[in-house]
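To start, the structure itself, in structure tokens.
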Amino acid sequence: MYELINIFIRAIFIENVIFAFFLGMCSFLAVSKKIKTAFGLGLAVIFVMVLTTPLNYLILNYMLGEGALAWIHPSLASVDLTFLAFILFISTIAGAVQLVEMSVEKFVPALYASLGIFLPLITVNCSILGTSLFMQERQYTFAETAVFSLGAGVGFFLAIVLLAAIRERLRYSNVPQPLQGLGIAMIITALMGLAFLSFSGIKL
Amino acid sequence: MKPIRTLVDTAKPHFHKGGRFEKLHPAFDALETFLFVPGHTTHNGVHIRDAMDLKRAMFTVIVALTPTLLFGMWNVGYQHYQAYGMQVSFVDNFLFGAQRVLPIVIVSYAVGLGVEFIFAILRGHQVSEGYLVTGMLIPLILPVTIPLWMVGLAAIFCTVLGKEIFGGTGMNFMNPALLARAFLFFAFPAYMTGDVWVDLTPEPGHALVDAYSGATSLVAFDTNWTDMPSAWRQFWGFEAGSIGETSTFACLLGALLLIGTGVGSWKIIVACCLGALGMGLLMNVLAPADIANHAMHTPAYYHLLMGGFAFGAVYMATDPVSAAHTERGKWIYGILIGVFTVVLRVFNPAYPEGVMLAILLMNVFAPLIDHVVVEQHIKTRSKRA
């Protein structure tokens with residue numbers, strides 16, 4: 001239990017996908033102009049992460065890993081399909097995103113319109129694939145994977161909503177012309193990363 | 001006053017449109033309004049005018065900072081002679097400290113204001129007074145042994161990336177002085193941690209005393225909290241640490257002035273203390289009973305006296321630009337600073353000084369706190385209607 005809480009807190013603050021690994025920067029920078037849309041995208045990312053990472057765990061452990069197919073027939077115990085991990089992980093994510101896209105379009109059309117291309121682009125959001133790959137690399141158990149994916153999702157959500165709030169406050173600031181928009185967003189992200197550095201080194 | 005006024009008036013035409021030094025107008029304007037309250041009148045809209053403009057507000061903060069600066073100078077000398085086991089007079093302590101501290105202050109002001117003037121002239125806006133405070137805060141939160149070029153570098157970094165890039169005073173979202181310290185802390189850790197807090201310039205004929213340890217109370221705190229100086233010593237500030245932050249008493253004097261004049265928000269200061277006390281008590285409850293000197297056993301009120309907590313809560317957290325703007329938000333913001341300070345101090349051995357990072361982190365959270373408070377307010381009001 002203690003270990004699970006540890007993983008959850010680490011994934012949100014200490015190993016935040018944005019501020020510690022710089023994963024998923026494209027949608028992070030592009031959809032953070034307004035808190036409302038950032039909130040929506042953040043929720044969508046949490047949902048896709050929580051859905052896909054445990055699913056990928058099952059795929060990895062019962063289909064792809066070395067000897068994972070032994071449950072079908074003992075003769076398959078020597079088969080190692082790990083090289084298919086990337087393509088299958090991405091397919092799972094694409095499928096989950098399709099699900100999210102359809103439900104958002106049906107139930108929250110306003111959000112669907114404001115997210116635009118960035119909703120389908122969650123498919124190639126590196127923070128989501130990254131979470132699945134971290135799961136593989138760190139050899140989490142199923143429960144750990146579930147908690148870790150929720151933590152990573154909440155970490156992304158927190159980061160994008162914080163950036164959106166700061167950008168809304170800075171709307172009236174007088175940023176030099178060449179830096180307006182993306183330029184200043186990157187500088188803000190760097191400064192936020194500096195503040196989040198305070199968590200690095202915490203031993204839980 | 002009269003001769004200065006005439007001097008300014010004779011020079012004025014050269015700096016106006018069409019004058020010889022038209023480009024330097026922001027610099028001239030800064031000097032003029034620094035010397036005299038500007039005589040502008042409003043042309044339309046609201047006509048309420050107050051003598052308490054930005055310059056006067058910033059100057060109040062500078063005055064509030066002087067107790068910590070003076071005490072810091074004395075303490076630098078005191079720690080130095082203490083390390084060599086020498087008994088010297090009050091004046092000698094003070095003079096030694098002044099010799100070490102004033103160059104840092106001068107470099108911080110010269111470099112930072114230089115950058116500020118360059119930006120003002122290039123971008124054609126007025127020189128703002130914000131840097132008067134930032135430039136004083138930077139030296140006070142650095143160790144006395146810091147090389148001067150690092151002070152300059154940090155001043156450039158925080159003025160350009162922390163402030164000017166957003167358009168100057170009032171438009172940034174992080175406290176520039178804290179940014180300068182965080183920058184130095186992460187870029188040159190060897191100069192910001194360890195044995196850097198006491199000036200150990202050799203004294204001919206004297207050797208370091210045997211019992212000398214250059215550790216701050218916060219380092220002692222991480223290994224064994226009972227090794228810390230007594231609470232009274234920490235309250236008065238007779239301990240090693242950053243130049244201006246050791247004395248809780250000096251910060252209290254400043255706090256009285258800030259709260260009395262309304263320049264600093266008392267809500268934030270009180271909330272910071274409440275947050276730290278509450279978290280400290282919670283730690284005491286949760287502390288492992290079998291390790292008697294574990295950091296979690298530290299009495300909660302120690303957290304208010306240790307390190308730079310008082311300095312951070314009084315001068316840094318109350319920065320009106322980077323703090324939460326809504327009244328309820330200020331409570332949340334302050335309490336979270338206190339909580340995170342204690343959490344970082346206790347659980348993060350790499351960064352014993354949690355205040356700086358806690359306030360920076362809350363600077364990042366402040367806009368979101370404000371947003372939530374405003375949304376909540378709208379919701380309750382519309383429900384009532």
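The values are calculated or read from the model by the stated rules, or taken from the named source; none is laboratory data. Keep in mind it's a predicted model, so treat the numbers as computed, not measured. When we count neighbours, we look across all protein chains shown, and the Cβ atoms used for this are built from the backbone with ideal geometry, even at glycine. To get the accessible areas, we keep the full protein, side chains included, count just its heavy atoms, and leave off ligands, DNA and RNA. Shrake-Rupley method; radii C 1.70, N 1.55, O 1.52, S 1.80 Å.
The single condition from (1) within 7 Å of chain B (Cβ to nearest Cβ); (2) surrounded by fewer than 22 Cβ atoms within 10 Å (Cβ to Cβ) that A:Ile117 fails is (1). Checked against (1) over 16 Å from the mean Cα position of the chain (by Cα); (2) at pLDDT below 85, A:Phe118 passes all but condition (1). Of the residues screened, B:Phe117 is one that is in a helix (DSSP H, G or I), touching a residue at least 40 places away in the same chain (Cβ under 8 Å) and of a type outside the set (Gly, Ala, Ser). Only residues that are assigned to a helix (DSSP H, G or I), free of Cβ contacts under 8 Å to residues at least 12 places away in the same chain and not aromatic (Phe, Trp, Tyr) were counted across the range B:331-371, and they come to 2. Against the numbered list (1) open to solvent by 10 Å² or more (accessible area, probe 1.4 Å); (2) away from chain B (no Cβ under 11 Å); (3) more than 13 Å from the chain's Cα centre (by Cα), A:Thr123 comes up short only at (3). Is there a residue in the range B:293-311 that is touching a His at 6+ places or on another chain (Cβ under 8 Å), over 29 Å from A:Ile187 (Cβ atoms), in contact (Cβ under 8 Å) with a residue 60 or more places away in the chain and within 14 Å of chain A (Cβ to nearest Cβ)? No, the conditions are met nowhere in the range B:293-311. From the list B:Gly338, B:Gly307, the one residue that fits, being on the phi > 0 side of the Ramachandran plot, surrounded by 24 or more Cβ atoms within 10 Å (Cβ to Cβ) and touching a Leu at 6+ places or on another chain (Cβ under 7 Å), is B:Gly307.
Listed conditions (1) closer than 26 Å to A:Gly183 by Cα; (2) at pLDDT below 90 are all met by B:Leu200, apart from (1). Checking each residue in the range A:38-60 for being open to solvent by 20 Å² or more (accessible area, probe 1.4 Å) and more than 21 Å from A:Ile90 (Cβ to Cβ) picks out A:Phe39, A:Leu43. Of the residues contained in the range A:133-150, none is found to be open to solvent by 20 Å² or more (accessible area, probe 1.4 Å), in contact with a Gly (Cβ under 6 Å, 6 or more places away or on another chain) and more than 8 Å from chain B (Cβ to nearest Cβ).
Let me confirm something: among A:Ile93, A:Ile160, A:Ile128, which residue is within 14 Å of chain B (Cβ to nearest Cβ), open to solvent by less than 40 Å² (accessible area, probe 1.4 Å) and at pLDDT 85 or above?
Only one candidate qualifies: A:Ile160.
Residue count for the range A:6-36 satisfying the condition of being assigned to a helix (DSSP H, G or I) and not β-branched (Val, Ile, Thr): 12. Filtering the range B:240-263 to residues that are part of a loop (DSSP other than H, G, I, E, B) and either open to solvent by 10 Å² or more (accessible area, probe 1.4 Å) or polar (S, T, N, Q) (or both) leaves B:Ala240, B:Gly241, B:Ser242, B:Glu245, B:Thr246, B:Ser247, B:Gly262, B:Val263. Note on the range B:363-385: among residues that are farther than 14 Å from B:Thr326 by Cβ and buried (at least 22 other Cβ atoms within 10 Å of the Cβ), the one that is nearest to the other protein chains (Cβ to nearest Cβ) is B:Val364.
B:Thr318 satisfies every condition listed in (1) at pLDDT 85 or above; (2) open to solvent by less than 30 Å² (accessible area, probe 1.4 Å); (3) assigned to a helix (DSSP H, G or I) except (3). Can you tell which of B:Met356, B:Met296 is open to solvent by less than 30 Å² (accessible area, probe 1.4 Å) and modelled with pLDDT under 85? Residue meeting the stated conditions: B:Met296. Only residues that are among the small types (Gly, Ala, Ser), more than 7 Å from chain B (Cβ to nearest Cβ) and surrounded by fewer than 19 Cβ atoms within 10 Å (Cβ to Cβ) were counted in the range A:173-204, giving 5. Give the range B:316-332 a look and list any residue that's touching a Ser or Thr at 6+ places or on another chain (Cβ under 8 Å) and not basic (Lys, Arg), or say none. Answer for the range B:316-332, where residues must be touching a Ser or Thr at 6+ places or on another chain (Cβ under 8 Å) and not basic (Lys, Arg): B:Thr318, B:Pro320, B:Val321, B:Ala323. Restricting the range B:148-182 to residues that are of a type in the set (Gly, Ala, Ser) and without any contact (Cβ under 8 Å) to a residue 60 or more places away in the chain, the residue that is nearest to the other protein chains (Cβ to nearest Cβ) is B:Gly167. Selection of first residues in the range B:120-141 that are modelled with pLDDT of 90 or more and of second residues that are open to solvent by 20 Å² or more (accessible area, probe 1.4 Å) and small (Gly, Ala, Ser), restricted to Cβ pairs under 9 Å at least 6 apart or on distinct chains, gives the following pairs, ordered by first then second residue: B:Gly135/B:Ala110.
Can B:Leu274 be described as surrounded by fewer than 19 Cβ atoms within 10 Å (Cβ to Cβ), modelled with pLDDT of 75 or more and farther than 25 Å from B:Gln99 by Cα? Criteria met by B:Leu274. Checking the conditions here, which among A:Phe83, A:Phe39 is part of a helix (DSSP H, G or I) and within 14 Å of chain B (Cβ to nearest Cβ)? Testing whether each residue is part of a helix (DSSP H, G or I) and within 14 Å of chain B (Cβ to nearest Cβ) leaves just A:Phe39.
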